[in-house]
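Have a look at the structure below before the remarks.
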Amino acid sequence: MKCMHYVIVSLFLLFALFGARNANGQAGAQDVMKEFDDFQKSLANWMKNLDNLGAQFAALQKSVGDSMTPVKEFEKVIKGNEEKLNSIVARLEAVEKSSSVAEVKGVLDSFNKTLDVLKKLLADLTKRVEDQEIKTAVLEKRYHESQRPLEPIKKAIDDLSKLVTDKLGEQEKKIVTAEDSIKMRVASFDSTLKTFEGQLKTISDLDARMKKLEKGGIAVTGTVTAAVPPSAPTQMPSGTETVKVAEAPEAVEGEEEEKEYVPTPEEEGFQDVGDGFYVRNVSLLPFGSSSQIKGEIKNLSDRDRSIAAFTIRIFNASDALLFTQDFSIKTFRQGDVRTFNEIVSGYSPLEIARYEIVTKRRY
């Protein structure tokens, strides 16, 4: 813009000097001044057009940031115009030195042609900017249209994300519940373990007491090589344990009849196992890879038993306890003799050195 002002000032001074030199009688001076005025008006219009072009160019820079190629071309044109204007200035300076009206007309014609070229370039640039704006609008419209098919997919993804989040929340709740349940089970297991330890202690105390009782002679023991043989007393076919003594000859009148003789359990081959119970005919037999213990038990306690509990203990040659098994007899009436038959799993008769059968007491 400054260059244009310099051009205007130079032209004004040129034509002022030219008019001063030809004021003494040259008839074509007025025509030259008239053409100069026309040129000045055209130049003013051209300056306005340049200002309008600058405003449009500023608006173009704000609205179309990506369309820099036409602007760069315009800058190149402006630079070319500046070079042309510089050449015009040089020509005007040459005109200042010359006094030929014909040369001034030639310069003006050349300048008008330059203005026509500039107008054409401005029109082309304006058209390119408009085309670029139309292309930008079309691209924006296509972008929005391309986003519409993706909306159902986005909605489905959002729904799936929400569903996964809800499922994860439910899973976390289940995990927390499971952890609480595990903690409660662990606490219950600890309590059970303590109870089991107490029972083990009770069993160990019971074992110690049973050993003391064994020393007292109330445990039935046996070995693999020899089972407890039955004694020779006569038994009644009905299963009772009493045998009548041979009747004496008829007593004389006045003499009291002799009382029946009742043999003791020991005489019948029984051995005391405590609490009024006696066993006999106990034997250890093979049973596959295990063992079998069987025998007879008699209830000589003071009452009937709904359940009578007993314990079998198995020892090895080092007198170490190998196996303990409990068994019971239901509805065991006083005076009855019942049989038992128990399996010792995992131990053959060759691995068993001795065994014990005792009454299981409750403490």
### Task
State whether one or more residues within the stretch 98-109 are at pLDDT 85 or above, charged (D, E, K, R) and assigned by TED's automatic domain parsing to the domain that holds T69.
no
### Task
Could you please let me know if V228 is out of contact with any Phe, Trp or Tyr (no Cβ under 8 Å at 6 or more places or on another chain), among the aliphatic types (A, V, I, L, M) and modelled with pLDDT under 75?
yes
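Could you check how many residues of the stretch 285-314 are under 60 Å from the mean Cα position of the chain (by Cα) and in contact (Cβ under 8 Å) with a residue 60 or more places away in the chain?
The qualifying residues number 4.
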### Task
Considering (1) at pLDDT below 90; (2) surrounded by fewer than 15 Cβ atoms within 10 Å (Cβ to Cβ); (3) not hydrophobic (A, V, I, L, M, F, W, C), say which one D275 fails and leave the rest.
(2)
### Query
Does any residue in the stretch 324-345 that is without any contact (Cβ under 8 Å) to a residue 60 or more places away in the chain come within less than 7 Å, Cβ to Cβ, of a residue that is loosely packed, with under 13 Cβ neighbours inside 10 Å six or more places away or on a different chain, and which pairs are these?
S328/I307; K330/S306; K330/I307; T331/S306; Q334/R303
### Task
Run down S328, S291, S306 and say which single residue is more than 27 Å from A208 (Cα to Cα), assigned to a strand (DSSP E or B) and small (G, A, S).
S306
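The values are calculated or read from the model by the stated rules, or taken from the named source; none is laboratory data. Only a predicted model underlies this, so the values are computations on that prediction, with no experimental measurement involved. Cβ: placed from backbone, ideal geometry, glycine included. Neighbour counts: every protein chain shown.
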